[in-house]
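Enquirer: This structure is in structure tokens; I'll ask about it shortly.
We did not get these values from a lab; they are worked out from the coordinates using the rules stated. Being a predicted model, the structure only gives us computed values, none of them experimental. Neighbour counts are summed over all protein chains in view; Cβ atoms, including those assigned to glycine, are modelled from backbone coordinates with ideal geometry.
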Amino acid sequence: MDDVELDTKNLDNFIKALKDELPRVYVGILGDKSARSGGPVNNATIGLYHEFGTEKMPKRSFLRQPLGDHLKSTMDNSGVFDADAMKEVIRSKSVITWLKKLGVLAEGIIKEGFNSNGYGNWKPHAPGYHNNTGNILVDTQQLRDSITSEVI
């Protein structure tokens, strides 16, 4: 039998993309986005109160619940797993650009949660409370605008 030479270039490039420790995508209130004007409490602290609730404030998850409920279907429908996306990972020998796209998708899901009052899941404001926008958690828009992603 004649020796057959296999072209493993694409496989080799894919392995190179995955060879080092894989980067991670972080989504939320990151770095300097935690700063907030008009008060002693920063966005990360306010976000913590809303994400988990307090004695005086109901839980209004703007990170875990929207991502848990919508990330998979958004990724499935976005094309991030299609052949062209995987070819780019192979061509570039890196998953970083691909992961950045996932981060942007996650940001979009979270921001849509702010636009839709937690996809309709957030408890309404306390009686008598009025804010500037009518949407829950979007009084000054600083918390919503603090959501970013990064790949490390």
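Enquirer: Quick one: net charge of residue 100's neighbours, Cβ under 14 Å, K/R +1, D/E -1? Let's see the in-between values first.
Expert: On the way: positive: 24, 101; negative: 88, 107, 150.
Here the charged neighbours net out to -1.
Enquirer: Choose one answer from 127, 66, 58: the residue with the largest mean-square fluctuation in a GNM of the chain with alpha-carbon springs under 10 Å.
Expert: Result: 127 has the largest fluctuation of those listed.
Enquirer: Starting from the Kirkwood Rh over alpha-carbon pairs, what translational D in µm² s⁻¹ does the chain have by Stokes-Einstein at 37 °C and 0.692 mPa s?
Expert: Roughly 183 µm²/s, to the nearest whole number.
Enquirer: Please count, across the chain, the pairs of lysine residues with Cα atoms under 18 Å apart that sit 8 or more places apart or on different chains.
Expert: 21
Enquirer: Determine the gain in length on full extension of the stretch residue 87-residue 24; use 0.36 nm per residue of separation and subtract their C-alpha separation, reporting nm with one decimal.
Expert: Working: separation 63, 0.36 × 63 = 22.68 nm, distance 2.01 nm.
Gain on extension, residue 87 to residue 24, equals 20.7 nm.
Enquirer: Now, a different point. With +1 on each Lys and Arg Cβ and -1 on each Asp and Glu Cβ, how big is the dipole of the chain about its Cα centre, in debye rounded to the nearest 20? Kindly include the intermediate steps, with their values, before the conclusion.
Expert: On the way: 19 positive and 20 negative charges, 171 e Å.
Its charge dipole is roughly 820 debye.
Enquirer: Ok, one more. Quick one: net charge of residue 29's neighbours, Cβ under 15 Å, K/R +1, D/E -1?
Expert: Around residue 29, the charge tally is +1.
Enquirer: Still on this structure, please answer the following. Contour minus end-to-end for residue 116 and residue 41, with contour as 0.36 nm per residue of separation and end-to-end as the Cα-Cα distance? Can you show the working numbers first?
Expert: Values: separation 75, 0.36 × 75 = 27.00 nm, distance 2.49 nm.
My answer for the length gained is 24.5 nm.
Enquirer: Compare the Cα positions of 46, 68, 86 along the charge dipole of the range 27-126 (+1 at Cβ of Lys, Arg; -1 at Cβ of Asp, Glu; about the Cα centre) and return the one farthest towards the positive end.
Expert: It is 46.
Enquirer: To make sure I understand, if each residue's beta carbon is the centre and we count other beta carbons within 10 Å, what order do 46, 96, 90 fall in, fewest to most? Walk me through the numbers before you get to the answer.
Expert: Working: 46 20, 96 14, 90 17.
By the 10 Å Cβ count, ascending, the order reads 96, 90, 46.
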